[in-house]
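See below for the structure under consideration.
Each reported figure results from applying straightforward, stated rules to the coordinates on display, with no laboratory input. Computed from a prediction, not measured in an experiment: that's the story for all the values here. FYI the Cβ positions are ideal-geometry reconstructions off the backbone, even for glycines, and counts take in every protein chain you see.
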Amino acid sequence: MSVQFKKTHKFAIKSALFIAGVLAVALAVILSVFYTFQVLPLIIFSVFAYLVAYSIIQYRVQKFIYRRVKKIYDDLTLLESTNFRQKRVTTDMATLTQEIDKYARDKKLEIETLKVREEYRKEFLGNVSHELKTPLFTVQGYILTLLDGAIEDESIRDKYLDRASKGVERLIYIVKDLDMITKLEVGDLRLDIETFDIVELIASVFEMFEMKSAKKKITLTFDRVYKNPILVSADKERIQQVLSNLIVNSIKYGREKGTTEVSIENLVKNKVIIRVTDNGEGIIKANIPRLFERFYRVDKSGSRKEGGSGLGLAIVKHIVEAHDENIFIDSEYGVGSEFSFTLEKAK
C-alpha cells in the first residue's frame with residue numbers, strides 16, 4: 001500500500017511570511033537611504049520573496065518530514081492491522097503526535113487487558129484443576145484399594161464402590177456445569193421461551209429441597225400467600241435452575257433453624273422481581289463484586305463439605321442475562337443475604 005501524505009502548509013506559510021517581512025523591511029530601509037522609496041516595487045518584491053521562500057521551505061520541510069514519518073510508519077508494522085492505517089498519513093507534527101499517542105494508549109490498554117485475561121486464564125485453570133483433582137484422587141484411591149485385595153471383603157467392596165460412585169457423580173456434576181457455562185458464555189445455549197406460573201415453579205423447587213432444608217431445620221416459605229398465578233415468559237427449565245441454585249445456596253450458608261423466604265413483586269408494568277432472602281451468615285462487602293465469578297468461593301479454606309462445583313452463581317448470572325434480565329445482590333455480614341432477579345410478565 002502506497003503511503004499518502006496529508007501535507008501541512010502552516011509552518012511554510014508562517015516562515016515565508018516572516019522571511020518576506022524581514023526582507024521587505026530591509027529593502028524599505030535601503031530604498032529610503034540610498035534610493036527613492038516606492039511602494040509598488042516593495043510590494044512586488046515582498047510577494048516574490050514570500051512565494052520563493054514558501055516554495056523552498058515547503059519542499060525542503062516536506063521532504064525532511066516525509067523521510068522520518070515514513071520510517072515511523074514502516075517500523076510500526078502492527079499498524080497494518082489497526083484503523084490507524086486506514087486514515088491518510090499526515091506530516092503535520094501535532095496531528096501525527098496525537099495519532100501516535102492514541103495508538104500508544106490503545107496498545108497499552110490492549111496489553112493490560114491481555115495481562116488481565118492471562119491472569120484470569122491461569123486462575124481458571126488452577127480452579128478447574130483444584131475442583132477435579134479431589135474427586136479424581138478419591139475415586140483412584142478407592143479403586144486402587146480394591147485392586148490391592150480389598151475387593152475380596154464384601155462389606156469393604158460395597159462401601160468403597162459406593163464412595164467411588166459418588167466421586168464419579170461429582171466429576172460428572174462439575175463437567176456438566178463447565179459445559180453449561182461454556183455454552184452460556186459463547187451464546188450457544190438456546191432458550192425455550194414459554195409462559196408459566198412462577199409461583200407454581202417456586203413451590204416445586206421448595207419440594208425438591210424440602211429434605212435438604214429439614215436437615216438444617218431451615219424453613220422454605222413465601223413472604224405471603226399467592227392465591228392467583230403469576231405468569232411470566234421465560235425458559236422454565238433454566239429459571240428452575242436459577243431458583244434451585246439460589247435456594248440451595250441459602251440453605252448451604254443459612255443458619256440452623258433459619259428461614260429462606262421467596263417473594264414476587266411487580267417491578268414495572270411488564271416486569272416482576274423475584275427475591276430470595278435468608279437470615280444466614282451474610283457476605284462481607286469485599287467479596288460481593290466477585291460472587292458471580294467462576295469458582296470464586298467466599299470460604300477460602302477450600303472446604304468442600306457443602307459440595308457444589310463453584311459455578312452455580314456464575315451460571316445463574318449467565319442464565320438471567322441470557323433472558324436480557326438483571327440480577328442483584330444485597331447482603332450484610334452476620335445478618336443475611338438477598339438475591340433478586342427480574343423476569344418479563346406474560347402478555
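Given 0.36 nm per residue, what is the gain on full extension from LYS102 to PHE48 after removing their alpha carbon distance, in nm?
Gain on extension, LYS102 to PHE48, equals 15.3 nm.
Given a Förster radius of 56 Å and the C-beta distance between LYS227 and VAL186 as r, what FRET efficiency does 1/(1 + (r/R0)^6) yield to the nearest 0.05?
The computed FRET efficiency comes out at 0.85.
Give, as ranges by residue number, the residues of region 10-28 whose backbone N falls under 20 Å from the point 7 Å along Cα→Cβ of GLN38.
The answer is 23-28, whose backbone nitrogens lie closer than 20 Å to the label point.
Given 37 °C and 0.692 mPa s, compute D for region 193-345 with the Stokes-Einstein relation, Rh being the Kirkwood radius over Cα pairs; round to the nearest whole µm²/s.
Values: Rh = 15.8 Å.
Answer from the Stokes-Einstein relation: 208 µm²/s.
Placing unit charges on C-beta atoms (Lys and Arg positive, Asp and Glu negative, everything else neutral), compute the dipole magnitude of region 193-345 about its Cα centre in debye, rounded to 20.
Charge dipole, region 193-345, about its Cα centre: 560 debye, nearest 20.
For GLN140 and LYS159, calculate 0.36 nm times their separation in residues minus their Cα-Cα distance, and state this gained length in nm to one decimal. Please list the in-between numbers first.
Numbers: separation 19, 0.36 × 19 = 6.84 nm, distance 1.45 nm.
My answer for the length gained is 5.4 nm.
Assuming 1.567 mPa s and 4 °C, estimate D for region 113-186 with Stokes-Einstein, Rh taken as the Kirkwood radius over Cα pairs, in µm²/s.
Values: Rh = 14.3 Å.
It comes out at roughly 90 µm²/s.
Quick check: pseudo-label points 7 Å beyond the Cα along Cα→Cβ at VAL175 and GLU265, how many nm apart are they?
Each label point is offset 7 Å from its Cα along the Cβ direction, giving 4.4 nm.
Using +1 at the Cβ of each Lys and Arg and -1 at the Cβ of each Asp and Glu in region 193-345, identify which of PRO229, LEU343, VAL262 lies farthest towards the dipole's positive end.
VAL262
Pull out the extension gain between SER244 and SER129, defined as 0.36 nm times the separation in residues minus the alpha carbon to alpha carbon distance; nm, one decimal.
Length difference between fully extended and current span is 38.8 nm.
Does region 142-241 classify as rounded, prolate or oblate by the C-alpha gyration tensor (a ≥ b ≥ c root eigenvalues; a/c under 1.5 gives rounded; else a/b over b/c gives prolate, otherwise oblate)?
Here region 142-241 falls in the oblate category.
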